[in-house]
Structures are given as C-alpha cells and as structure tokens.
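Data first, discussion second: the structure below is written as structure tokens.
Where a number appears in this text, it was derived from the coordinates with a stated rule and is not lab data. Predicted, not measured: the structure shown is a model, and the values here were computed from it. Note that each Cβ is placed from the backbone with ideal geometry, even for glycine, and that neighbours are counted across all protein chains shown.
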Amino acid sequence: MAAKKPAARKTATKKPCPDCKDAGQTSETFQVGARKKHDSPHKQEALCLTCWGTGEAPTD
C-alpha cells in the first residue's frame, strides 16, 4: 500500500472579525421592566451580526 500524502495546508490567513474579536459572540445589556424600562446590570451573549458567528472578517 502506498504512503499517504500529507494534507495540503491553506496559505491564506483568516482575518478576525473587528466587532467580536474572533469570538463569534458579543455581549450586550438588555432592558427590564414593564413601564419604566431600565438596563439590567447583567449581560447576555448574542450572535455577532457582522460575521454571523464564524469569527472571521467578512470578505467584501
């Protein structure tokens, strides 16, 4: 049996997303309260809308 060739490596480097810093998620505050809305001291994770969670900069 013939020896396997090593897998070809991609030479192009991926640029990290400027908004989420290669994480794919951003943390944001949210508002609570029915009438007098105020910002909660807690944060929630949200999908980065720039890279759609991939962590790579868009190629435009």
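Points worth noting:
- Matching residues in segment 25-36 - criterion: being touching a strand residue (DSSP E or B) at 6+ places or on another chain (Cβ under 7 Å) and either in a loop (DSSP other than H, G, I, E, B) or not hydrophobic (A, V, I, L, M, F, W, C) (or both): 25, 26, 27, 28, 29, 31
- In segment 40-57, the residues that are on the phi > 0 side of the Ramachandran plot form Cβ pairs under 8 Å with partners that are of a type in the set (Asp, Glu) and surrounded by 11 or more Cβ atoms within 10 Å (Cβ to Cβ), at six or more places apart or across chains, as follows: 55/22.
- Checking each residue in segment 37-59 for being over 11 Å from the mean Cα position of the chain (by Cα) and part of a strand (DSSP E or B) picks out 38, 39, 40, 41, 42, 43, 44.
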